[in-house]
1. Within the stretch 4-52, work out how many residues are under 24 Å from Q90 (Cβ atoms) and among the acidic types (D, E).
2. Across the stretch 12-43, what is the total count of residues that are polar (S, T, N, Q) and more than 22 Å from L105 (Cβ to Cβ)?
3. When you go through A42, A56, A71 one by one, which is the residue that is farther than 17 Å from A13 by Cα and touching a helix residue (DSSP H, G or I) at 6+ places or on another chain (Cβ under 8 Å)?
4. Keeping to the stretch 21-52, report how many residues are over 15 Å from F75 (Cβ atoms) and among the aliphatic types (A, V, I, L, M).
Amino acid sequence: MRILVVQKEYLIALDVKEALAELLPGDIETGSLAELGPQLRAKSWDLVLLDTGDTADMDRRNASAVLASGAALVFLTGHVDFSDGVPGFQEWPVLVKPFIEGQLLDVVLRGLALVGKS
């Protein structure tokens, strides 16, 4: 499984990466929102955990790019108002930070199931 964790804060990306590595086998990499496009083009990903950005427009562009790449999508956010879904992408699971490790696997599996990769 190839997983990309795209996060504004590097230390949070590392925490998510380490937690995922304990739960799922495979290649797990981290990236930033600024690097999202090049990383999506450089490799085929099964799953992208995507931090919400500073604007709704940025969230739509980034999420659309992830989905166009064929990857499953899980949102990472500190915005509790997104706990029921990111506007325009409510069908995709959301992991609200700080998260409990037990939640991580459940949310990841729901994202993968939406594109038939679980």
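1. Number satisfying all stated conditions: 2.
2. Filtering the stretch 12-43 down to residues polar (S, T, N, Q) leaves 30, 32, 39.
Of the ones still in play, those that are also more than 22 Å from L105 (Cβ to Cβ) are 32, 39.
The total comes to 2.
3. Numbers: A42 fails: touching a helix residue (DSSP H, G or I) at 6+ places or on another chain (Cβ under 8 Å); A56 fails: touching a helix residue (DSSP H, G or I) at 6+ places or on another chain (Cβ under 8 Å).
Exactly one of A42, A56, A71 is farther than 17 Å from A13 by Cα and touching a helix residue (DSSP H, G or I) at 6+ places or on another chain (Cβ under 8 Å), namely A71.
4. Residues that pass the stated criteria total 7.
Matching residues to (1) more than 14 Å from the chain's Cα centre (by Cα); (2) at pLDDT 95 or above:
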residue: V5; (1), (2): no, yes
residue: K8; (1), (2): no, no
residue: K17; (1), (2): no, no
residue: P25; (1), (2): yes, no
residue: G31; (1), (2): no, no
residue: A56; (1), (2): yes, no
residue: H79; (1), (2): yes, no
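The values are calculated or read from the model by the stated rules, or taken from the named source; none is laboratory data. Just so you know, these numbers come straight off a predicted model, no measurement behind them. Note that each Cβ is placed from the backbone with ideal geometry, even for glycine, and that neighbours are counted across all protein chains shown.
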